[in-house]
Amino acid sequence: YAAFTGSMTYVLNPDYRGALGAYRRALDAAGLRASQLDGLLRMEDLGILDLPAVYERWCLLRIVAVLREHIRVVPPPGFRDRLLGCVTNRGALSLRFGGDAIGRDLLVEYQPRLPREGLPDKQRPNPDFMLTLIPRNGHGAIGGNPHPKLVLDAKCKPFAPIEEGGAGRSLVEELDELIGKKRYHEPGDHRAFVL
């Protein structure tokens, strides 16, 4: 039974109420608000045809999960909302994970811009991810570098075996481009990896 009053519809059907209750419980279990779910559903550009974007965002979620579950660093408050906002709005993200147990914090950046002298912001290279280990109270630099960085680039494509020539790009050739052409290792001799 449905009664119409102005622009609102009140549904008195017990099946509808049960489905609505299940929907609300699912939102609570996922830690989402209805507006966030609506934002995810409106993302037309994250469809099946844009697999590299889906893979890149999956890598972001997996990096965060590994840091929390295996490295045991603690994410900042509200990190879920920030992750979701970043994924739905296609923006950059910076999260500083606290590492009391290891005496160091870990800064995770998504879509950062690498510094380059004389280049405007839009022309500076931006890898998919950058991880920076930051010393804490009483803990010095690691390996002589005050802020060691790992630059990670997500590539959703097959790579040719290294020993086979002419079958497409190999992983070595991809890394050569990231380091040689895009200079992901600069400044500070960063380590570059392909996910």
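The values are calculated or read from the model by the stated rules, or taken from the named source; none is laboratory data. From a predicted model like this one, the values you see are computed outputs, not experimental measurements. Note that each Cβ is placed from the backbone with ideal geometry, even for glycine, and that neighbours are counted across all protein chains shown. Just so you know, the surface numbers come from the protein's heavy atoms only, side chains and all, with ligands and any DNA or RNA stripped out. Shrake-Rupley method; radii C 1.70, N 1.55, O 1.52, S 1.80 Å.
Scanning the range 146-162 for residues that are outside any loop (DSSP other than H, G, I, E, B) and either under 10 Å from HIS190 (Cα atoms) or modelled with pLDDT of 85 or more (or both) yields LYS149, LEU150, VAL151, LEU152, ASP153. Among residues of the range 62-79 being assigned to a helix (DSSP H, G or I) and open to solvent by 50 Å² or more (accessible area, probe 1.4 Å), the one that is farthest from GLY103 (Cα to Cα) is ARG62. Each residue in the range 82-102 was checked for being open to solvent by 70 Å² or more (accessible area, probe 1.4 Å) and either among the polar types (S, T, N, Q) or in a helix (DSSP H, G or I) (or both), and 2 of them qualify. Pairs are defined by a Cβ separation below 7 Å, a sequence spacing of at least 6 or placement on different chains, a first member in the range 181-195 that is within 17 Å of LYS155 (Cα to Cα), and a second member that is among the hydroxyl-bearing types (Ser, Thr, Tyr); the pairs so defined are ALA192/TYR184.
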